[in-house]
There are 2 protein chains.
Amino acid sequence: MDQPIKYRLIKKEKHTGARLGEITTPHGTFETPIFMPVGTQASVKTMAPEELKEMGASIILANTYHLWLRPGSKLVREAGGLHKFMNWDRGILTDSGGFQVFSLAKRRGITEEGVTFKSHLDGQKMFLSPEKAIHIENDLGPDIMMSLDECPPFYESYDYLKKSVARTTRWAQRGLKAHRNPQSQGIFGIVQGAGYKDLRQQSARDLVSLDFAGYSIGGLSVGESKAEMNQVLDFTTPLLPENKPRYLMGVGTADSLIDGVIRGIDMFDCVLPTRIARNGTCMTSQGRLVVKNAKYAHDFTPLDPNCDCYACRNYTRAYIRHLLQVDETFGIHLTSYHNLYYLVHLMSQVRQAIKDDNLLEFREHVFEQYGFNQKNSKNF
Amino acid sequence: MDQPIKYRLIKKEKHTGARLGEITTPHGTFETPIFMPVGTQASVKTMAPEELKEMGASIILANTYHLWLRPGSKLVREAGGLHKFMNWDRGILTDSGGFQVFSLAKRRGITEEGVTFKSHLDGQKMFLSPEKAIHIENDLGPDIMMSLDECPPFYESYDYLKKSVARTTRWAQRGLKAHRNPQSQGIFGIVQGAGYKDLRQQSARDLVSLDFAGYSIGGLSVGESKAEMNQVLDFTTPLLPENKPRYLMGVGTADSLIDGVIRGIDMFDCVLPTRIARNGTCMTSQGRLVVKNAKYAHDFTPLDPNCDCYACRNYTRAYIRHLLQVDETFGIHLTSYHNLYYLVHLMSQVRQAIKDDNLLEFREHVFEQYGFNQKNSKNF
């Protein structure tokens, strides 16, 4: 059977594990590594699809759990799938709903069969199984789907994690079997195992043997340290096949993106850029900028003097601060636009650095400018 | 002295009082009659300036009262004026702050000198005089400014209104004298007088003798009937000079716009299109559509099948309803875009009807399609 998701390795960086690649989906081909903006409820918050294209986003994320609840996956299917529903003709990836079930929903009960839980919206009792997750994702119609995984806390006990990881692998296998559109959608398996080397490696080996279209690394960016995250990547990515994409889930700070790429990651997503934008926090080439601060009231320079995004080309800190102060949503739109652009553009610079074999120098430059090297630095 | 605001009468419609004209401002020339989107706090809610241009808006409104409070007129002046502050290089008109002082602020006291009131934000005691209003507007830097007026309730007593109208005229004269940038900004006088013919006519005659750049008709769309509004226009506009623009303040329903044009009005503004958009109410060629209604959940047609705006070309009722249901602001952006487009585009059709001398037929068509002729029809 022909895989709808193809990965082509273009080049490895000389001094790190970073790789330049190319992913082909039914909705376009793009170079990796990349950052994927998150459109939780079939909309990347405040953004028009044209604006995401303008900044160079080639694939976005949508959340299975949220869309399953509202408007319902059957309705999205009736609309012709997510691409048509939300007017986005480039790539879409959906998660499995697992992360939300384990972080948002209440009164969960996990069995071999699946997860029962109560909706965070109205308390309605619901059930999600590996088969059901895939069928919902089949209805939603993204290019890339995730298999249902359990996402336990990073510091959960070894015994619990061992059982959980084995179950996640069995669930992944069941998801593969339940897949109804193998010609147009690919499934990624999700490597779990928290901070344990043997569990991560077991998980990776077992999933690789199932031959997924790509591999996600889950259960990170959930409270562990940066060093712990990097360590997990260090002993996990070498076990993943070179001819498949690797996706580090839920990671969206500049330092973690670069450090992930260095360890062989191709894809990242995170709500961070749009979430902090709503509080007026901006990612800039000079570090974190909280534009709501009073000191920017009379600052008629752009959010980031080194940025050429729509917001920075046309508006000042003083104007954006004013909009946020008086609750004008156009202000949030401008900070969201800027933050997404920052990460999407950062990854385009990362790809160039891989081509030029100077990713470590680029890392040093970004870390120095952003202040990641300082103790107590905020990481976004 | 050369007037910065010029009006050229191009053509009168054969069967009504409607007129096709052209207004020249320091920020461009445009045909009238027109509808002006409202950017209360230096932002037309959810809209980018480029989108307003795309739909053909040639001049927008901003509110002196709101901008005086936040971010402050001195800051806007420091930014280089409203045009530069908000990245809008076409026309801007500011009101005088009078309407907001009389509708929003608390504990007002009116004297000949001006109005004392408490800020609706923090209760701070403030004072606005005709001179101060003009100086604030000079700092804001719009092309067209309003002189400070009192905006009393439509059904206020004759005796009170008579004194109020005379005072508004004296205030208008004081505003003219206080004007600091007569070479780059024009002032409109505001005709008041509620529903009384003699007061409206006295107000109009007195203001016309003061030679303003244009004339506003205020104190309407505040609770009176459509018939009363039209009657006021019937006995007021004939007294206004043919070589100056006429602006009906705060009016923004399709029927009132057309009926105002028929009575010789050139300019309109209203927050209605963006305000109702936030509740999912849309103005369409087929009447009022509340897209949040459950019956549109599976409706994969555009908001208005006869509309070619960005929202209608790309999104369905089902998608927009979903976005509103889950509080995604992109949904409000789409309904706002559509409603503004509807009114801006309606006025472009009105101008064509004036050229073609068939405005009454056009009126009948719109009224019939929208349902304005039906009893108990909602007027938007």
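The values are calculated or read from the model by the stated rules, or taken from the named source; none is laboratory data. From a predicted model like this one, the values you see are computed outputs, not experimental measurements. A quick note on method: Cβ atoms are made from the backbone with ideal geometry, for glycine too, and the neighbour counts reach across all protein chains shown. We work out accessible area using only protein heavy atoms, side chains counted, and drop any ligands, DNA or RNA first. Shrake-Rupley method; radii C 1.70, N 1.55, O 1.52, S 1.80 Å.
What to note about this one:
- Residue in region B:71-90 that is in contact with a Phe, Trp or Tyr (Cβ under 6 Å, 6 or more places away or on another chain) and either over 28 Å from B:R180 (Cα atoms) or modelled with pLDDT under 95 (or both) present: no
- Count of region A:152-165 residues, restricted to those that are in contact (Cβ under 8 Å) with a residue 12 or more places away in the chain and open to solvent by 20 Å² or more (accessible area, probe 1.4 Å), is 5.
- Qualifying residue in region A:92-99 (condition: under 19 Å from A:G39 (Cα atoms) and either without any contact (Cβ under 8 Å) to a residue 24 or more places away in the chain or touching a Cys at 6+ places or on another chain (Cβ under 8 Å) (or both)): yes
- Counted residues, region B:359-376 - those being open to solvent by 10 Å² or more (accessible area, probe 1.4 Å), touching a residue at least 24 places away in the same chain (Cβ under 8 Å) and outside any helix (DSSP H, G or I): 1
- Count of region A:171-205 residues, restricted to those that are in contact (Cβ under 8 Å) with a residue 60 or more places away in the chain and surrounded by fewer than 19 Cβ atoms within 10 Å (Cβ to Cβ), is 3.
- Checklist (1) facing another protein chain (nearest Cβ under 10 Å); (2) touching an Asp or Glu at 6+ places or on another chain (Cβ under 8 Å); (3) open to solvent by 10 Å² or more (accessible area, probe 1.4 Å) applied to B:D327, failing item: (2)
- Criterion violated by B:T32 - all others in (1) over 15 Å from the mean Cα position of the chain (by Cα); (2) of a type in the set (V, I, T); (3) away from every other protein chain (no Cβ under 14 Å) satisfied: (1)
- Failed item, numbered, when A:M283 is tested on (1) closer than 28 Å to A:K355 by Cα; (2) open to solvent by less than 10 Å² (accessible area, probe 1.4 Å); (3) part of a loop (DSSP other than H, G, I, E, B): (3)
- Condition met for A:S203 (of a type in the set (S, T, N, Q) and assigned to a loop (DSSP other than H, G, I, E, B)): no
- When B:R288 is tested against the conditions (1) open to solvent by 10 Å² or more (accessible area, probe 1.4 Å); (2) farther than 27 Å from B:N63 by Cα; (3) part of a loop (DSSP other than H, G, I, E, B), the lone failure is (3).
- Meets criteria (modelled with pLDDT under 95, surrounded by fewer than 21 Cβ atoms within 10 Å (Cβ to Cβ) and over 18 Å from B:M249 (Cβ atoms)) for B:D2: yes
- Only listed residue being within 14 Å of chain B (Cβ to nearest Cβ) and over 30 Å from B:Y65 (Cα atoms), chosen from A:L340, A:L359, A:L346: A:L340
- Leading residue by the ranking (least open to solvent (accessible area, probe 1.4 Å)) among those in region B:298-315 that are outside any helix (DSSP H, G or I) and within 7 Å of chain A (Cβ to nearest Cβ): B:Y315
- Residues of region B:40-79 that are open to solvent by 20 Å² or more (accessible area, probe 1.4 Å), facing chain A (nearest Cβ under 8 Å) and not polar (S, T, N, Q): B:K45, B:H66, B:R70, B:P71, B:E78.
- Residue match in region A:337-344 (condition: farther than 24 Å from A:I258 by Cα and modelled with pLDDT of 95 or more): no
- For A:L82, the criteria (1) touching a Gly at 6+ places or on another chain (Cβ under 6 Å); (2) away from chain B (no Cβ under 12 Å) hold in every case but one, which is (2).
- The single condition among (1) away from chain B (no Cβ under 14 Å); (2) in contact (Cβ under 8 Å) with a residue 60 or more places away in the chain; (3) open to solvent by 10 Å² or more (accessible area, probe 1.4 Å); (4) among the β-branched types (V, I, T) that A:I332 does not meet is (1).
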